Each structure stands twice: as C-alpha cells, then as structure tokens.
Amino acid sequence: MADDVKAGLEGIVAAETRLSTIDGEAGELVIAGYPVEELAGNARYEETLYLLYHDRLPTEGELAEFEDDLRAHRELDPATREVVEAAGEAGESAMDALRMGVASSTLARGEEEPERDSLLAVAQLPTIVATYWRARQGEASVKPHDDLRHAANYLYMLRGEEPTGEEARGLETYLNAVVDHGLNASTFTSRAIVSTESDLISAVTGGVGALKGPLHGGAPGPVLEMLRETADGDTESILRETLEDGDRLMGFGHRVYDVRDPRAAVLEEAAERFYDDDAADTEFYESARETEEVAQELLEEYQPDLDLATNVEFYTAVLLHGVGVPRELFSTTFAVARVGGWTAHCREQLSDNRLIRPRSKYVGDRGRAWTPIDERE
C-alpha cells in the first residue's frame with residue numbers, strides 16, 4: 001500500500017454518493033442530478049430535503065405529509081430550551097449554543113431511529129438558533145408557526161413577525177444552494193461519526209463542531225464587514241490597502257473551484273431579485289456589486305497566478321443581510337441549511353456501512369530505549 005500523504009486528504013476519494021458532485025474546473029455543482037441553478041431558485045427547501053433522502057422529488061401529497069412530519073419536530077424539549085436560553089443570556093457564541101442545543105435534543109426521543117432523528121435535527125436547528133438569538137436580545141422565544149414553511153418559520157421565530165414573501169424566498173434559495181457540497185469537512189465528519197454506528201444526532205453535533213471553524217463556515221460575516229466598509233468609503237482605496245497589507249479579500253477564491261463558484265451566481269440572482277423590491281436597501285446592493293467588480297480587477301493585478309473568483313460567501317453576506325438574518329447568525333444559518341446534507345449523507349452511509357478508517361504515515365522516531373525516571377535529565 002502506498003505511503004504517499006495527501007495533505008488535507010486533497011484529491012482522496014473516500015465514499016460513493018448520489019447526493020452531490022462538484023466540477024471545480026467547469027464551475028458546476030449538481031445536487032441529486034439537478035444543477036444547483038435549476039434547483040435552488042425553484043424548490044422549497046422541504047422538496048430539496050425529500051430529494052436528498054429519497055432520490056426523487058415528492059408528489060404533492062408526499063410533500064404535504066413530509067412537511068407535516070417536519071413541523072411535528074420543531075418544538076424543543078424544555079431542558080434543551082433552558083440550555084439554549086442560558087447560552088444566549090450568557091453571551092455565548094451562536095455556534096456554541098447550537099452545539100449545546102443539538103447535543104441535548106434527544107432527551108425525550110426514546111430509541112435511536114435514523115430517519116426520525118434526521119427530521120428532528122433539520123426541524124430543530126432553526127428553533128435552537130432562534131431561541132438562542134431571542135434570549136441574547138433579552139426577548140422571549142417565539143413558538144414555531146405551523147402555517148409557515150421551513151424558511152419562513154425560521155425568520156418568523158427570529159423576529160416575531162411573519163417575513164414577506166420576498167424575504168422567505170430569498171432565504172429558501174440560500175438554503176437550497178448550500179444544502180450539500182460534496183465531502184466537505186463537516187459532511188466528512190458527520191459520515192465518519194455515523195460510520196462507527198453512533199447515533200445520527202451525535203454525527204450532526206460533530207458536523208456543527210467542524211462548521212464552527214473559521215476555515216469552513218465563518219467567512220460571510222467578514223464579507224459583510226468589508227461590504228459595510230466599502231459602502232461608506234472609497235472602494236478601490238479600501239480594497240487596495242487590504243491587499244497591500246497582505247490580507248485576504250474575503251469572499252474570493254475557493255478550495256475546490258478554479259472558476260466562479262456556481263452558488264455565487266445563484267445567490268447573486270436571488271439577491272438581485274430581492275433588492276429589486278422598492279423596500280430593499282438598493283444602495284447597499286449596488287455598492288456590493290461595485291465592490292465585487294473592483295475586487296476582481298485588483299486581484300488580477302496583485303495575484304494574477306491565483307484563481308480567486310467570487311465564491312458563495314460573497315453573495316451569502318449580501319442576501320442574508322438583505323432578508324434580515326443578523327451577521328452573528330450567518331454561520332448557524334449555514335448549519336440550518338447544511339444539516340439537510342449532513343443527515344442525508346448519514347442515511348446514505350448507514351445504508352451500506354463500512355467503518356471509515358484512513359491510515360496515517362508515521363514520521364516519528366524508532367528504536368528508543370526506556371530510561372528510568374530517576375535517570376532522566
């Protein structure tokens with residue numbers, strides 16, 4: 001067996017999946033057979049979730065039944081609610097609160113059932129995030145709204161009033177666009193955990209832990225900070241100074257894509273549609289478009305040998321800001337979307353399971369002789 005080490009498992013194929021595939025050179029993302037451009041702007045999040053679980057889109061009756069099943073799992077156990085509210089009142093980070101909430105969400109579930117637990121995780125993540133945020137703001141939590149779909153209900157629980165149709169559709173497009181993306185760090189973590197035949201909620205908790213790291217899910221927040229700065233100043237001067245200081249322009253470049261991230265195009269279109277509304281902050285949107293254009297020109301000037309096209313995080317910041325998701329909740333909202341992919345991968349792994357157990361290459365010493373403690377220097 002070869003001992004070649006691929007840092008970060010670069011290029012290593014560790015699983016077969018029907019859930020999604022990426023072509024980094026062509027800039028393509030296919031989710032269960034559908035180009036992301038086809039799926040994200042048309043489907044309900046519940047339809048996308050059903051597609052990932054069952055490898056086909058649901059009929060009208062199947063969708064209604066599936067949505068009812070999700071709604072039935074939205075409420076938190078009182079002990080989970082208490083933990084999440086305490087985290088909010090103490091000022092813990094949103095991702096820490098989400099990890100605590102997910103880990104405790106099985107207190108009243110009974111026996112482990114992967115199919116039921118996948119619905120539980122997807123349904124409760126928005127409730128956990130919203131409950132945390134309301135507590136952090138010193139406000140009472142808002143119960144889930146049974147007449148609202150998944151995306152709209154999330155916004156409703158965050159602020160206590162129903163979102164507009166444009167806000168709900170904008171968020172839903174985002175949830176669909178980022179629901180699954182190959183064997184990324186958090187998805188790999190979830191599959192590895194469930195491959196031990198641990199429970200699915202433990203796998204989702206591990207996924208949250210992986211997503212907390214700034215190299216995976218933390219960039220849209222800094223993108224928004226950059227966009228706020230350029231909106232209030234000279235865009236080129238601000239971006240040029242950033243590059244001169246040796247810092248990155250957030251929202252550009254991707255580990256997988258050599259060209260523009262296809263999800264960036266999907267979210268750009270969704271943002272353009274959302275900000276076209278008279279009530280939206282069109283000045284912010286136009287400033288963001290200018291920032292993207294100037295940034296691309298400067299990156300070509302400063303780093304011409306690198307592929308630093310716009311990635312999903314740039315228009316994630318633009319769109320989530322527009323629909324009213326607080327900057328502090330960008331990463332947890334990513335988790336609200338990606339939990340659909342995590343749970344689908346867990347179910348796929350369990351359908352034909354083999355323990356995920358890669359090798360490592362030993363580079364330490366050999367042949368050391370034991371030295372009694374009283375003879376050690």
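A few comments on the model shown:
- Inter-label distance, Glu75 to Asp146: 0.9 nm, where each label sits 7 Å from its Cα along the C-beta direction.
- Taking label positions 7 Å along the Cα-Cβ direction at both Asp245 and Ala369, the computed distance is 5.6 nm, reported to one decimal.
- Annotation note: trypsin sites (Lys or Arg not before Pro) in region 13-90 located in DSSP loop regions with a Cβ neighbour count of at most 12 within 10 Å are Arg18, Arg56.
- Length released on extending from Glu65 to Val259, taking residue separation times 0.36 nm less the Cα-Cα span: 65.8 nm
- Residue-averaged [θ]222 nm for the chain, counting only DSSP H segments that reach four residues, each worth -39500 (n - 2.57): -17500 deg cm²/dmol
- Mean projection area, nm², convex hull over Cα of the chain: 24.5 nm²
- Ordered by solvent-accessible area of protein heavy atoms (1.4 Å probe), largest first, the residues His150, His54 come out as His54, His150.
- Residues whose placed amide H lies under 5 Å from that of Phe252, excluding near-sequence neighbours: Asn311
- Across every direction, the projection of the convex hull enclosing the Cα atoms of region 96-229 has a mean area of 9.7 nm².
- Per-residue 3J(HN,Hα) values for region 159-172, derived from phi via the Karplus relation 6.51 cos²θ - 1.76 cosθ + 1.60 with θ = phi - 60°, read 10, x, 9, 5, x, 6, x, 5, 5, 5, 5, x, 5, 4 Hz in sequence order (x marks Gly and Pro).
- Cβ-Cβ FRET estimate between Glu293 and Asp232, R0 fixed at 22 Å, reported to 0.05: 0.80
- What region 1-143 shows is 51 Å² of accessible area per residue, with the surface traced by a 1.4 Å probe over protein heavy atoms.
- Candidates per chymotrypsin sites (Phe, Trp or Tyr not before Pro) in region 294-377, loop by DSSP, up to 11 other Cβ within 10 Å: Tyr362, Trp370
- Sequence ranges 170-183, 199-212, ranked by mean other-Cβ count within 10 angstrom, highest first: 170-183, 199-212
- Shown for region 160-223: the carbon plus sulfur share of the solvent-accessible area, taken with all protein chains present and a 1.4 angstrom probe, equals 55%.
- Each residue of region 17-32 was assigned a 3J(HN,Hα) from its phi angle through the Karplus curve 6.51 cos²θ - 1.76 cosθ + 1.60 (θ = phi - 60°); the sequence is 8, 9, 7, 7, 8, 10, 10, x, 6, 8, x, 10, 10, 10, 10, 6 Hz, with glycine and proline shown as x.
- Using the Karplus relation 6.51 cos²θ - 1.76 cosθ + 1.60 with θ = phi - 60°, the per-residue 3J(HN,Hα) values for region 40-57 come to 4, x, 10, 7, 6, 4, 4, 5, 4, 4, 4, 4, 5, 6, 10, 6, 6, 6 Hz, with x marking Gly and Pro.
- For trypsin sites (Lys or Arg not before Pro), the sites in region 226-300 that DSSP calls loop and that have at most 16 other Cβ atoms within 10 Å are Arg248, Arg255.
- Here, P(r) means the percent of Cα pairs in each 5 Å bin from 0 to the largest distance; for region 1-97 it is 2, 10, 13, 12, 11, 13, 14, 15, 7, 3, 1.
The values are calculated or read from the model by the stated rules, or taken from the named source; none is laboratory data. Bear in mind that the values here come from a model prediction, so they are computed numbers and not experimental data. Virtual Cβ from ideal backbone geometry, glycine too; neighbours counted across all protein chains shown. The area values use the complete protein model at the heavy-atom level, side chains included, leaving out ligands, DNA and RNA. Shrake-Rupley method; radii C 1.70, N 1.55, O 1.52, S 1.80 Å.
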